[in-house]
Ligand code: SAH
Ligand code: SF4
Ligand code: F3S
């Protein structure tokens, strides 16, 4: 059915899980003989990998889809695929809303793309949203970077935060076997990758669904064990992970990060709110005191660690005082980066049905106040880099100044310096930081690092 003249395009919305899924689906399409095209209007197969975390993310998908549906009326051979979280949430409804769609597939079905597409090419319209056990990835992802790579360790989420659609759309937790994860990392190392980011919606839940035992007769039940198990893969120089949940974040994990040299001193630990009553209403399972304690312990072990997080303003019933508690937490902790969002009621979540919803004006106003504080604090945090020598792993060029290369510090600050990408790509360079901005740095190269 497919020939080399067939082209595919993927647009990815949403989080790192979706990005990782898109890379695997791109791998499947390449195996099937399709070539990637940047331009959706030039593609025979269009795949939208969608996000539904907030209403605006979902609406964006419909406007993209509308354009391609129109195109299909003129080019009936165009294949339109909607994958990811909107696909899972809407299922059949998507087909009645946009009948031009050929395939609706939830996130758990990403690795089945070839099988599903073959059914489409036989003339079927397919909806694949039933819960399944995720099959091990047997394809070769087409990864966007040649230096850094995502590695899924656990799919799904068993939490029930009252605002969140993720458990509905990503299904129950499914941990990959430690051996499969290690094999993937070894393969990445053979391909020349230098940095990996281990992924899970709630990565601290890793292992709790795994049966029995594993290598060396030891029970590998948690994420800290996994870090020890994969840390020594030769060639991999940096290890990151996301997302951490304060409810399960342990001192043992913090100790492991301090002890294992490849693990970068950057922690992404969303707190969502600085108010205990709201945290309870969100069903987060910790208090703001516990959150502060975690950050305190991290900084005891790793004084320079970067901390990033997510926060929501305007959750149902949030009072001025409760919002001030979030502001106070942000002021006290000093985040290196904070992703902020106004609460958006989502279908199928408990909080969406509560009557104490706030107006859009209040939400927008609070979001603006919080964002202002976030940049001030991030600028303060950036100051500590001025004049310091930082290790930067070079990933690409600075899109605004192509005489400069771009990479990240261990703390995950974006850093630019003059250099030639062809020579430096994948290298760790010691860079003296000469300019700081809230979320990025500029410096001068000092010398190449000796790999660990
Ligand atoms: N698993 C991660 C977060 C996944 S969703 C965790 O537990 O923290 C990414 C972020 O989107 C969340 O941290 C939250 O800040 C935000 N988010 C989720 N649902 C939202 C909603 N209904 N409205 C606004 N923001 C939301
Ligand atoms: Fe959503 Fe909570 Fe799961 Fe994070 S832990 S994905 S916020 S339900
Ligand atoms: Fe969005 Fe799905 Fe990720 S809803 S944030 S793409 S898990």
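Every read-out reported here was derived from the displayed coordinates using simple, explicitly stated rules and does not represent laboratory data. Only a predicted model underlies this, so the values are computations on that prediction, with no experimental measurement involved. A quick note on method: Cβ atoms are made from the backbone with ideal geometry, for glycine too, and the neighbour counts reach across all protein chains shown.
Peptide packing for 72-78, 231-237 was compared via the average number of neighbouring C-beta atoms within 10 Å per residue; ordered from the highest value, the list is 231-237, 72-78. Measuring max minus min along each principal axis, the C-alpha atoms of segment 146-382 give extents of 54, 40, 32 Å (largest first). DSSP bridge analysis restricted to the chain gives an antiparallel fraction near 35%, rounded to the nearest 5. If the segment from residue 145 to residue 121 were pulled out straight at 0.36 nm per residue, it would be longer than the present Cα-Cα gap by 5.6 nm.
Over the chain, what number does the Rg to Rh ratio reach, with both radii from the alpha-carbon atoms and Rh per Kirkwood? Before the final figure, lay out each step's value.
On the way: Rg = 22.5 Å, Rh = 23.4 Å.
Rg/Rh: 0.96.
Tell me, what is the FRET efficiency for residue 290 and residue 439 to the nearest 0.05, using R0 = 30 angstrom and their Cβ-Cβ distance as r? Efficiency for this residue pair is about 0.60.
A simple spin-label model places pseudo-atoms 7 Å from Cα toward Cβ; at residue 331 and residue 208 they are separated by 3.5 nm. Judged by the gyration tensor of its Cα atoms, with axes a ≥ b ≥ c, segment 5-126 is rounded; a/c sits under the 1.5 cut.
Peptides 423-430, 121-128 ranked from most to least packed, by the mean per-residue count of other Cβ atoms within 10 Å: 423-430, 121-128. Taking every DSSP bridge with both residues inside segment 27-181, close to 15 percent are antiparallel. Taking the average, over residues, of other Cβ atoms within 10 Å as the packing measure, peptides 109-115, 440-446 rank 109-115, 440-446 from highest down.
Rounded to the nearest 5, what % of the DSSP beta bridges within segment 404-452 are antiparallel ones?
Values: 12 of 16 bridges.
Close to 75 percent.
For a modelled paramagnetic label at residue 132, 7 Å from Cα along Cα-to-Cβ, the residues of segment 91-111 in reach, with backbone nitrogen under 18 Å, are 91-92, 102-111.
Which length gain, in nm to one decimal place, applies between residue 418 and residue 258 when the Cα-Cα distance is subtracted from 0.36 nm times their residue separation?
Numbers: separation 160, 0.36 × 160 = 57.60 nm, distance 3.13 nm.
Length difference between fully extended and current span is 54.5 nm.
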